[in-house]
Amino acid sequence: MPKLSPKITKFAVSIFGENNFYNMQSIRNIAIIAHVDHGKTTLVDRILHQSKLFKESEETPGQLILDNNDLERERGITILSKNVSVRYKDVKINIIDTPGHADFGGEVERVLNMADGVLLLVDAFEGPMPQTRFVLQKAIELDLKPIVVINKVDKPNCRPDEVQEAVFDLMFNLGATEDQLDFPTVYGSSKQGWMSDDWKHETSDVSHLLDVIIDTIPEAKYEEGTPQMLITSLDYSSYVGRIAVGRLKRGTLQAGQNVSLVKRDGSLVKCTIKELYTFEGLGKERTKNPVQAGDIIALMGLDDFEIGDTVADYENPEGLPPIKVDEPTMSMLFTINNSPFFGKEGKYVTSRHLRERLYKETEKNLALKVEDTDSPDSLMVYGRGILHLSILVETMRREGYEFQLGQPKVIIKYIDDVKCEPIECLTVLVPEDFSGRVIEQVTTRRGEMTQMEPKGDRMCLDFDIPSRGLIGLRNTLLTVTEGEAIISHRFKDYEPWKGDMPSRNNGALISMETGQAIPYAIWKLQDRGIFFVNPNEDVYAGEVIGENTRSNDIVLNINKEKHLTNVRASGSDEAIRLIPPVRFSLEEYMEYIRDDEYLEVTPKSLRLRKIILDELERKRANRHGNA
């Protein structure tokens, strides 16, 4: 407990009651970090059940309670960080679930500022993976106390003891302090719902983990003085508007209190806290009592705030250092849809709608940047990678937006007058028989192998590869390894330009006319290449309808119908047999775009098209470009 004067103590006891006052400082703030799909959200489910958050009479929510976004449930990944709290043995534990993918590293960097310790979750078979290293590095830099949880020990061929040693080596290599290296290790299975100090000794629940959290993670400190709270997250309610979320670092805050908002540039905005909420269970609980430093709270009523601003004292405001987030590594052009089919499926189609939505996204998505271009209809969007940008695109699609995307490009920097590009650490886990094919594909994209080691019946290959080499690589590797490759990567650093790289070899099949794709016409043209469109699907002139078997683009008429005649012969009406078209996902399309193409994105359709739709105009532009 903090040392308070007898008068303040007596006053506080009279407001809160003796039990509440002496227990209110028992708070642990902990973030759960891990590589993608190592079981973070499942573990949070188990902790919520362990703390009796759901009554027996209540219907329990399904699995992955915190992944409540449609995209998160579909993809099985966490995209947005979430806060929940549980009470265990009179201690309030604030748990922050974080994304595991490096593309959403901006989320991780933000929320680690609210934690005093981290639960590092590692798969008992896979061991530390690239994103494990990425998130752990951020935690060590912030001097957070780690607890290592070796998860999925019920898996066959698991190797918990080896993984524990690998985690220790990783922490040592990342420059962890002696206190951080003296971490406790908990073994268990989130799916089976048990945690123990020995992986061979199965228990009945996860109470051992909660005991370790209380014993290991330092209690949230109470700092006396004027209030300070760094806004690290945003929430939104259609009823009250934007909500500021963060950890109260110093002093106390209360609903109705006048405060100063210290902006990133040092300017001040005077405002009043209309409502104050603390996190209880899965939701927020409104409170009129003063909240002391150490707890994670949500404030309503602040005007024009951004992530990184500080809520400070009204009279003597002191700002906290704003959050530093790694810079984006990839850019993509967003422009309005000007295809012949524009406005048929989307609700928001104008440049004003597109601009407002993208700039609104930058308020809460720290790793994203938006810049205007020479054209009022186009915006340049900078992100962490294909997945980071594709989640934004998919979210906008579902909200009813219609727009077009240009080819993704990596961000080039000049460091000491040397042209540099972003380099990524790529890890590929494949059966040994396919390792040669993987090495061949990666090295043609300027990748350099750094390590090769066996893991059970598989081979783990580590490479340093330019970010532009990753565009389209996933599909190629899955094809050559017959779907067996497990691929992950993380940003390493900017290094000198590695040279030119082979691009897509095959040309495009382009539609000649606007109309319906006729099965007879597709059947006659199947030897030209692979088609992307279904029979009877609407197409327009200039749309990319397939991939040519050769390197040049070719224009085809798939709207041509069979001419009827009076002649009937035994062989003239043979059955039409069509090869099923190739259907790409959004990420696959984004990796497939060439520099003279756009991807048309609508709520119901994805279409690849040439930027210049008219064939003669395209030829003229190519001649001028080659001249």
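Measure up K89/K191; K288/K364; K200/K284; K138/K364 against 30 Å on the Cα-Cα distance and list the ones that go over. Among K89/K191; K288/K364; K200/K284; K138/K364, the Cα-Cα distance tops 30 Å for K200/K284. Pull out a ≥ b ≥ c, the square roots of the eigenvalues of the alpha-carbon gyration tensor of the range 303-344, then state rounded if a/c is under 1.5, prolate if not and a/b is larger than b/c, and oblate in the remaining case. In terms of gyration-tensor shape, oblate. In order along the range 426-432, phi translates into HN-Hα couplings of 10, 10, 10, 9, 9, x, 4 Hz, rounded to whole numbers, per the Karplus curve 6.51 cos²θ - 1.76 cosθ + 1.60 with θ = phi - 60° and x for Gly and Pro.
Simple spin-label estimate for E432 and E280 gives 5.9 nm between the two label positions (7 Å along the Cα-to-Cβ direction from each Cα). At a probe radius of 1.4 Å, what is the per-residue accessible area of H201, in Å² to the nearest 10? It works out to around 100 Å². When M512, M330 are compared by accessible area of protein heavy atoms, the largest-first order is M512, M330, using a 1.4 Å probe. Placing M380, M452 in order of accessible area, with the largest value first and a 1.4 Å probe, yields M452, M380. The label point for W497 and the one for T177, both projected 7 Å from the Cα toward the Cβ, are 4.4 nm apart.
For the range 283-394, the ratio of Cα radius of gyration to the globular rule of thumb 2.2 N^0.38 Å stands at 1.44. Rg then Dmax, both in Å and based on the Cα atoms of the range 230-351: 18.8, 60.
A DSSP coil position with no more than 10 other Cβ atoms inside 10 Å describes none of the GluC sites (Glu not before Pro) in the range 499-563.
Only protein heavy atoms count here; on that basis, with a 1.4 Å probe, T252 has an accessible area of about 50 Å². Computed packing ranks the peptides 381-389, 159-167 as 381-389, 159-167, most packed first, by mean other Cβ atoms within 10 Å.
For the range 400-480, the normalised intensity computed at q = 0.20, 0.23, 0.25 Å⁻¹ comes to -0.90, -1.07, -1.20 (log10 of I(q)/I(0), Debye sum over alpha carbons, equal scatterers, no solvent).
Report the FRET efficiency, 1/(1 + (r/R0)^6), for D457 and N552, where r is their Cβ-Cβ distance and R0 is 41 Å, rounded to 0.05.
It comes out at approximately 0.40.
For the range 281-346, the set of trypsin sites (Lys or Arg not before Pro) satisfying both a DSSP loop assignment and a count of at most 11 other C-beta atoms within 10 Å is given as K288, K324. Under the rule a/c < 1.5 gives rounded, and otherwise a/b versus b/c splits prolate from oblate, where does the range 433-483 land using the Cα gyration tensor? The shape class here is oblate. For the range 351-416, applying the loop criterion from DSSP together with a ceiling of 16 other beta carbons within 10 Å to the GluC sites (Glu not before Pro) yields E399. In the assembled protein chains, V262 presents an accessible area of approximately 20 Å² (probe radius 1.4 Å). Ranking of D493, D211, D123 by solvent-accessible surface, largest first: D493, D211, D123 (1.4 Å probe, protein heavy atoms only, all chains present). Using only Cα coordinates, the Kirkwood hydrodynamic radius of the range 162-237 works out to 15.9 Å.
With both labels modelled 7 Å from their Cα along Cα-to-Cβ, the D197 to V240 distance reads 4.4 nm.
Here the relative contact order of the range 186-271, from alpha carbon pairs under 8 Å that lie six or more residues apart, stands at 16 percent. Quick one: check the C-alpha center-to-center distance for the range 380-422 versus the range 293-358, whole angstrom. Centre-to-centre (Cα) distance: 16 Å. Projected onto its three principal axes, the C-alpha set of the range 238-278 covers 29, 26, 17 Å, listed from the longest axis down.
The string of couplings for the range 300-316 from the Karplus curve (6.51, -1.76, 1.60, θ = phi - 60°) is 10, x, 7, 9, 6, 9, 9, 5, x, 6, 10, 8, 10, 5, 5, 7, 10 Hz, one whole number per residue in order, with x for Gly and Pro.
Using the Cα coordinates of the range 427-524, the gyration tensor eigenvalues translate into equivalent-ellipsoid semi-axes of 34, 19, 10 Å, sorted from longest to shortest.
The values are calculated or read from the model by the stated rules, or taken from the named source; none is laboratory data. What you see is a predicted model, and the numbers here were worked out from it, not measured in a lab. For neighbour counting, all protein chains shown are included, and Cβ atoms are generated from backbone atoms with ideal geometry for every residue, glycine included. We work out accessible area using only protein heavy atoms, side chains counted, and drop any ligands, DNA or RNA first. Shrake-Rupley method; radii C 1.70, N 1.55, O 1.52, S 1.80 Å.
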